[in-house]
Amino acid sequence: MVKSYLIFAIIAAVLCLLLAQSDAFSVELFEQKHFKGRSTTIDVNRGCTDIEDEWDDLASSILPKDCIIIYKHPDCQGPRVRLEPYTFGSAYLREINFEDKISSISPCNFQSTPNK
Ligand SMILES: [Ca+2]
């Protein structure tokens, strides 16, 4: 009886770990349209994520693994667009007026605070 409880607890712990991992997702940015040119992978797991200086206002296509929101300003401010994986515009951000303009990214469930 004690043993089966232990096994159940271990299975539950493993499931929790797997769930926590599936929560993690990343976004791949590309310097040119249609996923070409230099690329970088950004982890957007921690909520609002500012794009590092080297990649600020540079991406022309983007490959999110899950629903994200892209912002024109740092700190998840300014004009924004919600992007599901493989939605219109992600292969060529000019089509949604976002080419060379992304400065921060958040998961779709992130609530940005209004401008201070
Ligand atoms: Ca570009």
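Bear in mind these aren't lab numbers, they're just calculated from the coordinates by the rules spelled out. These numbers come from a predicted model, not from an experiment. Every residue, glycine among them, receives a Cβ derived from its backbone with ideal geometry; neighbour counts consider all protein chains shown.
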Practice problem: Report, in degrees rounded to the nearest 10, the 0 to 90 angle that the Cα long axis of helix 2-22 makes with the longest principal axis of the chain. | Solution: 0 degrees
Practice problem: Just grab the label-to-label distance for residue 110 and residue 5, each label 7 Å out from Cα along the Cβ direction, in nm (one decimal). | Solution: 4.3 nm
Quiz prompt | Additional length obtainable on full extension of the chain from residue 12 to residue 26, 0.36 nm per residue less Cα span | solution = 2.5 nm
Quiz prompt | Loop sites in the stretch 38-69: trypsin sites (Lys or Arg not before Pro), DSSP, at most 15 other Cβ within 10 Å | solution = 46, 65
Self-check item: Surrounding net charge for residue 96, when Lys and Arg each add one and Asp and Glu each subtract one, Cβ distance under 13 Å
Solution: +2
Quiz item: Where in the stretch 61-92 is the amide nitrogen less than 17 Å from a point lying 7 Å along the Cα-to-Cβ axis of residue 38?
Solution: 61-62
Exercise. Kindly identify the stretch 59-115 as rounded, prolate or oblate by the Cα gyration tensor criterion: order the square roots of the eigenvalues as a ≥ b ≥ c, call it rounded if a/c is under 1.5, otherwise compare a/b with b/c, prolate if a/b is larger, else oblate.
Key: oblate
